[in-house]
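To keep things clear, I will list the structure first and then write my remarks on it.
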Amino acid sequence: MTEALVIGAGPAGLMAAEELARAGLSVVVAEAKPSVGRKFLMAGKSGLNLTKAEDAPAFRAAYAEAAGWLAPMLDAFGPDQVMDWARGLGQEVFTGSSGRVFPVAMKASPLLRAWLARLGQMGVTLHTRWRWTGFDGHAALFDTPDGPQRVEPRVTVLALGGASWARLGSDGAWAGVLAPLGVPVAPFQPANMGFLMDWSGPMAKHFGQPVKGVALHAGRQISRGEFVISARGLEGGGIYAVSRALRDGAGLVLDLQPDRLEAEVAARLARGGKDSTANRLRKALALPPVQIALLQEFARPLPADPQALARVVKHLPVPLGPPRPMDEAISTAGGIRREGLTEGLELKALPGVFACGEMLDWEAPTGGYLLTACLATGRRAGQAAAEKAG
């Protein structure tokens with residue numbers, strides 16, 4: 001008999017399965033895709049950012065209005081615990097200059113292989129190509145290669161992800177199943193996404209170029225991360241860090257000289273003599289071509305007066321297009337609302353059913369916050385479900 005069922009085999013689901021198995025329960029994990037952890041593996045292609053090494057108040061602040069109810073879970077399984085967890089799976093970690101933590105191997109695959117091996121040793125059964133279609137009473141129903149399956153566990157943990165990257169398994173379709181059953185679900189919105197732009201012809205030669213050393217202002221939010229000029233718009237960590245404010249209506253303003261006061265910028269530009277404006281920007285401020293191109297794109301014609309030019313360099317408004325489509329976003333906002341959950345992440349409308357990870361209505365920037373919260377909520381849901389199965 002299956003005592004505990006976990007639906008979804010991403011980081012949150014696997015963490016829940018591990019806690020259930022550690023409590024001595026018979027655990028089955030059902031995954032709709034042919035293999036597990038697809039989004040986890042994709043995230044690791046450019047270097048798996050596990051967490052961020054910073055103190056608890058600063059770390060919690062990244063979760064904005066969700067920080068209060070996530071705090072007990074993040075305190076119990078925060079950056080230090082994530083690092084210890086990775087080391088326990090044989091993956092040494094290091095902390096970069098920005099505080100971001102990565103496995104030495106950088107990729108996600110060695111960590112995932114070690115984790116799956118440990119879960120197998122703990123007796124966890126994994127089924128792939130099992131697509132959940134809903135509930136019939138306490139039973140979970142699946143479409144599988146062997147035909148319809150019905151599983152009646154004591155407890156169920158849902159770890160079905162958000163609504164981005166559907167090809168990797170997170171399509172948000174579960175909302176259409178749970179909402180009619182009385183589970184409150186906030187509408188999905190893209191998060192940690194780029195923005196579309198309608199570039200002029202001269203910008204084409206800068207496509208693919210990173211923009212570094214600038215500050216991005218969006219309302220009260222400020223980011224010093226780099227971003228990339230792409231054929232379709234702006235993307236990258238610097239944009240993602242302020243994407244929530246931009247999505248919610250704030251304007252984007254770039255400071256191309258964040259470490260200099262406007263008066264100093266103006267004084268340097270005034271020494272340019274009879275040089276062209278572009279040459280003054282290059283010689284006096286050491287602006288790279290891509291930053292000069294942004295000035296020419298959004299402040300044409302560039303003012304010749306040093307004071308006016310300095311003002312534009314320090315305060316360059318960028319008129320953004322719409323956010324990239326939700327399925328292209330790194331993550332999503334929205335999901336199961338806090339009021340529909342107990343402290344143990346049990347669904348109030350469905351006793352014995354728990355939820356975790358990106359299914360829940362919380363939002364955080366990239367930089368290790370997303371993965372840490374998925375692991376922390378998966379751990380809590382698994383522990384609470386084990387207590388319920390008792």
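Counting Lys and Arg as +1 and Asp and Glu as -1 over every other residue whose Cβ lies under 12 Å from the Cβ of Phe135, the net charge comes to -1.
Rounded to the nearest 10 degrees, what's the angle between the helix 289-298 long axis and the longest principal axis of the chain, both from Cα atoms, 0 to 90? Relative to the chain, helix 289-298 is tipped by roughly 90 degrees. Taking every alpha-carbon pair under 8 Å whose residues sit at least 6 apart, the range 1-145 reaches a relative contact order of 30 percent. Other residues lying with their Cβ under 15 Å from the Cβ of Val265 contribute a combined charge of +3, Lys and Arg counting +1, Asp and Glu -1. Our estimate of slack between Lys45 and Ala58, defined as 0.36 nm per intervening residue step minus the Cα-Cα distance, is 2.0 nm. Between helix 369-389 and the chain there is an angle of about 20 degrees, using the helix long axis and the longest principal axis of the Cα atoms.
Reducing the range 77-92 and the range 318-351 to their Cα centroids gives an inter-centroid distance of 26 Å. Please give the helix 79-88 orientation as an angle from the longest Cα principal axis of the chain, in degrees from 0 to 90, rounded to the nearest 10. So the helix axis and the longest Cα principal axis differ by about 60 degrees. D by Stokes-Einstein for the chain, Kirkwood Rh over Cα pairs, 37 °C, 0.692 mPa s: 145 µm²/s.
Normalised by the residues of the range 195-318, what does the relative contact order come to in percent, with Cα pairs under 8 Å and at least six apart? Computed value for the range 195-318: 25 percent relative contact order.
Contact order, relative form, for the chain: 24 percent (alpha carbon pairs under 8 Å, 6 or more residues apart, mean separation divided by residue count). This model, with +1 at the C-beta of Lys and Arg and -1 at the C-beta of Asp and Glu, gives the chain a dipole about its Cα centre of some 1280 debye. On a per residue basis, the convex hull of the C-alpha atoms belonging to the range 195-318 measures out at 96 Å³. Within the listed set Ala329, Ala215, Ala278, the Gaussian network model of the chain (springs between alpha-carbon atoms below 10 Å) gives the highest mean-square fluctuation for Ala278. Excluding Gly344 itself, calculate the net charge of residues whose Cβ lies under 14 Å from the Cβ of Gly344, where each Lys or Arg counts +1 and each Asp or Glu counts -1. That sum, taken over residues with Cβ under 14 Å, equals +1.
Residue order for Met359, Met1, fewest other beta carbons within 10 angstrom first, comes to Met1, Met359.
For the chain, the mean residue ellipticity at 222 nm estimated from helices alone is -9500 deg cm²/dmol, where every DSSP H run of n ≥ 4 contributes -39500 (n - 2.57) and the total is divided by all residues, rounded to the nearest 500.
Where a number appears in this text, it was derived from the coordinates with a stated rule and is not lab data. Bear in mind that the values here come from a model prediction, so they are computed numbers and not experimental data. Heads up, the Cβs are rebuilt from the backbone with ideal geometry, glycines too, and the neighbour counts pull from every protein chain shown.
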